[in-house]
């Protein structure tokens, strides 16, 4: 399903992440990890902006990729200004997430951008300790899903970012604590992309895509793709969208 | 450019700056944060009331900012929802510790942006509730997930709820009163010509001479029905009866009415509308307690008008009559 994926880090694809790493050796998911995650998310969106734009032009007003990219560029600048606080010095794993969340809530236009801000706020609020463990990740992502649903009033099946977030939360629900949050994120990411794939079959009932109705069938929801990029970026930079996402960018040679 | 403005980009900010200057005795403009707040809110009020929405509907909502009505208003760009940050900052600025009530017209963008602001307020420990204004009968459809649009009732709800808040009621009580109040309001709008879109100067939609758009919105969205325009009395009669069929007030009940110009009709015409509305309500045996006639919720320069009816008990009438000191409340 993710054969089209390519990545700079060896762990970008959830499948390879699970298969190729000895998880007991890997460092804890501290503030350095969450900061790196957010920077990789920015890099992933920069790499796929043209594809995101092409996607949103088919079902929305075409500004999703640009809004997301400009929000993440501003987020990277905010992370540069904030600097990393080591766990030893009391750095919370959620601090970089909170920095990015505030940029999204305050500065990003459209409706999807601020909804990503809400999601990251809930993740940040759950990650109050020095390490983002599986319980915090689960609580944060589930809290984020609840907040996005409260505000956007979308249910699974409405063809919105909820369709990627909901299966990701389900994957976390059954993920054991001992797996560690990096493995848990890989599982969540795989579930999210499966959700993205299914949105292509749906007719939008909420959000901007609802206005194009049947014409949007066959095209996955851009917001859901954004959730897939967010979660996959925990493991590495995503340099191309999966092949089931239509777009003008030619398929890369394998 | 058919409109009198320096440029499309300056249309809204120039108007906001002018409004701030002209009404400096009543309102304070936080230009950086993008909201206005009342300079002299009523002392008895504990819960702050915040509203807002796209520009192009003036005097809504800014005209109803001040003692007795709204505590803060967040204007958006032309016919676009305000940003969640404006609502968040405005709500924090006017919160008095007993919570903030958001009055939100039922449009997706407004719902989402006020909703995000409410989430952020909750994280700061500020209690927040919402009254959703969805009075437009023409968008009442069982197939739609988005529900009825919010239009003329916004003015009546802002007035009545503002007076209720001035009695010192709490957040939940006010939210309940507001929701119940909206349920007692229905509106219907017609147009003989669409507004001109500032970006293009052209009509938002074309309507042949002598045709009528029945159930038009306030953003240039087309109505479900276009028909040959009947004579005024017949038109107003049909609109009134459609509203009464939805509200089902028993004979002897009291109503408050709003005869609202959409931006491009004259008072001369609106009073003609009001005459026939009053006559029909008399025929139904209803008591027309109060009527407002004028431009309250406009759609730029649309040639059309809307009727809003609110079933009113004695307390509602009392709150409607309570003094208010805002730029545009007429009484």
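The values are calculated or read from the model by the stated rules, or taken from the named source; none is laboratory data. Since the model is a prediction, treat every value here as computed from it, not as a measurement. Glycine also receives a Cβ, built like all others from the backbone with ideal geometry; neighbour counts cover every protein chain displayed.
To keep it simple, each residue is scored yes or no on (1) assigned by TED's automatic domain parsing to the domain that holds residue B:32; (2) touching a strand residue (DSSP E or B) at 6+ places or on another chain (Cβ under 7 Å); (3) farther than 30 Å from residue B:3 by Cα.
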residue: B:86; (1), (2), (3): yes, yes, no
residue: B:92; (1), (2), (3): yes, no, yes
residue: B:95; (1), (2), (3): yes, yes, yes
residue: B:107; (1), (2), (3): yes, no, no
residue: B:135; (1), (2), (3): yes, yes, no
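Scanning segment B:215-238 for residues that are in contact (Cβ under 8 Å) with a residue 40 or more places away in the chain and assigned to a strand (DSSP E or B) turns up nothing. Within the set B:97, B:109, B:18, the sole residue that is surrounded by fewer than 24 Cβ atoms within 10 Å (Cβ to Cβ) and closer than 26 Å to residue B:167 by Cβ turns out to be B:97. If only one of A:224, A:191 is closer than 23 Å to residue A:36 by Cβ, away from chain B (no Cβ under 14 Å) and in contact with a helix residue (DSSP H, G or I) (Cβ under 9 Å, 6 or more places away or on another chain), which one is it? Selected residue: A:191, the only one of A:224, A:191 that is closer than 23 Å to residue A:36 by Cβ, away from chain B (no Cβ under 14 Å) and in contact with a helix residue (DSSP H, G or I) (Cβ under 9 Å, 6 or more places away or on another chain). Among the criteria (1) surrounded by fewer than 17 Cβ atoms within 10 Å (Cβ to Cβ); (2) touching a strand residue (DSSP E or B) at 6+ places or on another chain (Cβ under 7 Å); (3) closer than 19 Å to residue B:155 by Cα, the one residue B:309 does not fulfil is (1).
Of all residues in segment B:46-59, those satisfying the criterion of being in contact with a strand residue (DSSP E or B) (Cβ under 7 Å, 6 or more places away or on another chain) and within 20 Å of residue B:261 (Cα to Cα) are B:52, B:53, B:54, B:55, B:56. Among the candidates B:174, B:161, the residue that is in contact with a strand residue (DSSP E or B) (Cβ under 6 Å, 6 or more places away or on another chain), more than 13 Å from chain A (Cβ to nearest Cβ) and either part of a helix (DSSP H, G or I) or buried (at least 24 other Cβ atoms within 10 Å of the Cβ) (or both) is uniquely B:174. Scanning for something under 27 Å from residue B:257 (Cα atoms), in a strand (DSSP E or B) and at pLDDT 95 or above, does segment B:74-92 turn up at least one residue? Within segment B:74-92 (the criterion being under 27 Å from residue B:257 (Cα atoms), in a strand (DSSP E or B) and at pLDDT 95 or above), the answer is yes, since at least one residue qualifies. Taking residue B:6 and the conditions (1) surrounded by fewer than 16 Cβ atoms within 10 Å (Cβ to Cβ); (2) without any contact (Cβ under 8 Å) to a residue 24 or more places away in the chain; (3) assigned by TED's automatic domain parsing to the domain that holds residue B:166, which numbered condition does it fall short on, given that it satisfies the others? Condition (3) is where residue B:6 drops out. All of (1) touching a residue at least 24 places away in the same chain (Cβ under 8 Å); (2) in a helix (DSSP H, G or I) hold for residue B:96 with one exception: (2). Across segment B:102-123, the qualifying residues are those that are touching a helix residue (DSSP H, G or I) at 6+ places or on another chain (Cβ under 7 Å) and more than 8 Å from chain A (Cβ to nearest Cβ), and the one among them that is farthest from residue B:76 (Cα to Cα) is B:121.
Return only the number of the condition from (1) within 25 Å of residue B:329 (Cα to Cα); (2) within 11 Å of chain A (Cβ to nearest Cβ) that residue B:144 does not satisfy. Going through (1) within 25 Å of residue B:329 (Cα to Cα); (2) within 11 Å of chain A (Cβ to nearest Cβ) one by one, residue B:144 breaks only (1).
What do you reckon, is residue A:98 more than 10 Å from chain B (Cβ to nearest Cβ), over 13 Å from residue A:31 (Cα atoms) and at pLDDT 95 or above?
On the way: more than 10 Å from chain B (Cβ to nearest Cβ): yes; over 13 Å from residue A:31 (Cα atoms): no; at pLDDT 95 or above: yes.
In short, no.
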